[in-house]
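Here's the structure, in structure tokens; my notes come after.
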Amino acid sequence: MTAPTTMSAAAEDVTPPSPPIARRLPVVSTYHGVALTDDYAWLRAGNWQEVMRKPQMLAADIRTHLEAENAYTQAQMADTQALQEALFQEMKARLKEDDSQVPQPHGPWEYFPRFVKGGQYAQICRIPRGGSADEAQVLLDGNKEAEGKTYWDLGAVTHSRDHGLLAYAMDDKGSELYTVRIRDLATGENLPDEIPDTHGSLEWSSDGRTLFYIKVDEHQRPLFVYSHVLGTPISDDKLVYEEKDAGFFVGLSATQSQKFIVIDIHDHETSEVHLIDADAPEAGPRVVTPRRVGHQYNVEHHGPHLIITTNSEGAEDFRVVAAPTSAPREDNWREIVPHKPGRLILDASVFRNFMTRLEREDSLPRIVVTPIKSTEVVHDEFLDLTGEHTIAFEEEAYALGLSSGYEFDTNRIRFTYSSMTTPAETYDYDMATRERTLRKRQEIPSGHNPADYVTRRLLAPAKDGALVPVTLLYKKTTALDGSAPLFLYGYGAYGIAMPASFSTARLSLVDRGFIFAIAHVRGGKDKGYRWYTYGKMKKKKNTFTDFIAAGEHLIAERFTTRGRIVANGGSAGGMLMGAIANMAPDLFLAIIADVPFVDVLNTMLDKDLPLTPPEWPEWGNPLASKEDFDYIRSYSPYDNVEAKSYPHILALAGLTDPRVTYWEPAKWIAKLRAKNTSDNLVLLKTNMGAGHGGASGRFDGLKDTAFNYAFALKVAGVEG
């Protein structure tokens, strides 16, 4: 290992650079009779909640250490400056700078976001229905709003149903504490109504006089739904719903019919829905069916009926039922789409004449359209199953997104299709005539020929015999003799599936000879709901062994060789990175961990952190259960760092990140540096002005990606 120096010396222009060594201040805590010693607990700011709102309040010794780490990383990466710039410029050249989404119609208008040349942030615009782009009205200009700010993010944005007002939420620190403002679209001026410390979505009442929003508690958890009547003081806002259980989060949405505002209360395995009549916002919410552990459901509306997607009665991959709006209790539920094992119903949308389902089977998504036969639900007579049809595609692996738009009385839906080789294509689809209309094809200004690339889907045998899908992208000219470096991405948590979608940025790696792969490991819902449950709680280690198995299989199939794989994952996928670094370090050349959730045990033991109680159903509750404590401790990346030869490691953090706090990667890197027996790089880069998502501007985000890719190319010895 390189000889250490002091933190102050590391921050200076030292040649050759030496890594900062964090001081050890052991803190001992005891749980279930087990003593835990944390040498680097001091990196956790005691005033972390204040730092989220005022980053300048970070303690001087912690700031000094993080800045020393940044200086060391910058020095180690100095030889890639030209490469980083080249990567950034080619990634930027693939973006159409003056791009816009296809407008979505709503009554007399069509709404859409667009970018202008040189702009980092989107403009929110509208045109008259059927109008042209030169008639666009700019309702909100993100570039103007972000002027003078190092970070700016537009959260929820929604127009009132009479099209006269725009409510929007913005965060200028990266801490996900959003301030809501309301704009008069006739004058372009903001109303005096301003609501701080909100979270999540916004919904209008039918008359556009009442705005519903979510407030957070002192631990930054979204637990309170409020209503604000325009023109009244914020202090008079009415508490509509309060969630008493800190283990649940609250969300807001609306049914496609716009008849109901939906309050969704959920953790990772249980949900409960309350409805507010949008025409009577003062009436308050009523529950559809009370929560019970393990029951998940969501609600749509059609005439006198609620259409409910549910996993009740053992429907692991979900089914669809209908119930009277006036009496939606479960004994009135009537099945209209049965459960089919292995066919996961992801979403159901209901229009006046059709119902659509987005579902996944055999790792591939599809859209199913079913005509509505009758509003009188008698067993299966609500739907015309003879007219049911599927929108599907033929590539080995692809991504499919469905947008229901703003309108209920329509035969049109919109979907977006892409694959690892095919840029995104946006279609309007007429559910009655089954006609597809291509509305937009993603432009690559610098040029892209899909025929130059290959997309493959392999199945890697896991440790227990399960078959793990792996999606590959590489150039046709890449030699498949094991000599190529391979970039392997994984996530595997919360049931989130990884789409095999198009990315302009990753072409910069593939064009330089890398093979890019996505391992669809357990913990996601890539192969149904059970694929998720077999990668959580006491089956969490399947996520890690699946990823290792994917790497081993790619080596066996001669796509690469041992020690030539660069692994990458972020957030919960960063936990995966930390685990595989401990479990199979010799398999990997390098590991890039974005905002990595690596201090799992300590975080799950800290009930005051924003996400801890809601996360217990995902990982286990080590406070309440010795068994959970032991299992988490057995894989928690930070707790399992030991003296061994680790691959190159780059960790990225955000100072104001409320999801994965900055001290998790900081502590992990400090411990790795103390234990690592190899001479490989161990680097930490903390964005001192951003949170979980990194830099907020689209070009600044590309610079972050260029930095990561330059690290991968550097350690792989690939010339720029």
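General remarks:
- Residue list for segment 558-575, filter: over 22 Å from ALA710 (Cα atoms) and of a type in the set (A, V, I, L, M): ALA572, MET575
Residue-by-condition table, conditions (1) surrounded by 21 or more Cβ atoms within 10 Å (Cβ to Cβ); (2) at pLDDT below 95:
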| position | (1), (2) |
| --- | --- |
| ASP172 | no, yes |
| ARG181 | no, no |
| ASN190 | no, no |
| HIS199 | yes, yes |
| SER205 | yes, no |
| GLY208 | no, no |
| ILE234 | no, no |
| GLU242 | no, no |
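- Hey, VAL378 modelled with pLDDT of 95 or more, more than 24 Å from TRP109 (Cα to Cα) and either surrounded by fewer than 14 Cβ atoms within 10 Å (Cβ to Cβ) or not polar (S, T, N, Q) (or both) or not: no
- Any hit, segment 683-701, residues being under 26 Å from the mean Cα position of the chain (by Cα), in contact (Cβ under 8 Å) with a residue 12 or more places away in the chain and farther than 28 Å from MET170 by Cβ: yes
- Among the residues making up segment 312-335, those that are under 22 Å from GLN258 (Cα atoms) and either in a strand (DSSP E or B) or of a type in the set (Ser, Thr, Tyr) (or both) are VAL320, VAL321, ALA322, ALA323, PRO324, THR325, SER326.
- In segment 547-581, residue nearest to GLU615 (Cα to Cα) [restricted to those that are in contact with a Pro (Cβ under 6 Å, 6 or more places away or on another chain) and of a type outside the set (A, V, I, L, M)]: GLY574
- Lone qualifier among PRO423, PRO371, PRO365 - being surrounded by 14 or more Cβ atoms within 10 Å (Cβ to Cβ) and touching a helix residue (DSSP H, G or I) at 6+ places or on another chain (Cβ under 7 Å): PRO371
- Condition check for GLU67: assigned by TED's automatic domain parsing to the domain that holds GLY654, surrounded by 14 or more Cβ atoms within 10 Å (Cβ to Cβ), closer than 30 Å to GLY447 by Cα and within 28 Å of the chain's Cα centre (by Cα): no
- Pair list, Cβ under 7 Å, 6 or more apart: segment 72-87 residue in contact (Cβ under 8 Å) with a residue 40 or more places away in the chain and under 16 Å from LEU652 (Cα atoms), other residue outside any helix (DSSP H, G or I) and charged (D, E, K, R): THR73/LYS685
For every residue, the table says whether it meets (1) of a type in the set (D, E, K, R); (2) out of contact with any strand residue (DSSP E or B) (no Cβ under 6 Å at 6 or more places or on another chain).
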position: ALA653; (1), (2): no, no
position: THR661; (1), (2): no, yes
position: LYS675; (1), (2): yes, yes
position: ASN680; (1), (2): no, no
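- Those residues of segment 203-236 which are farther than 30 Å from GLY107 by Cα and assigned to a loop (DSSP other than H, G, I, E, B), in sequence order: ASP217, GLU218, HIS219, GLN220, ARG221, PRO233
The values are calculated or read from the model by the stated rules, or taken from the named source; none is laboratory data. As the structure is a computational prediction, the values presented were derived from the model and not from experiment. Using ideal geometry, Cβ is built from the backbone for each residue, glycine included, and neighbour counts are taken over all protein chains shown.
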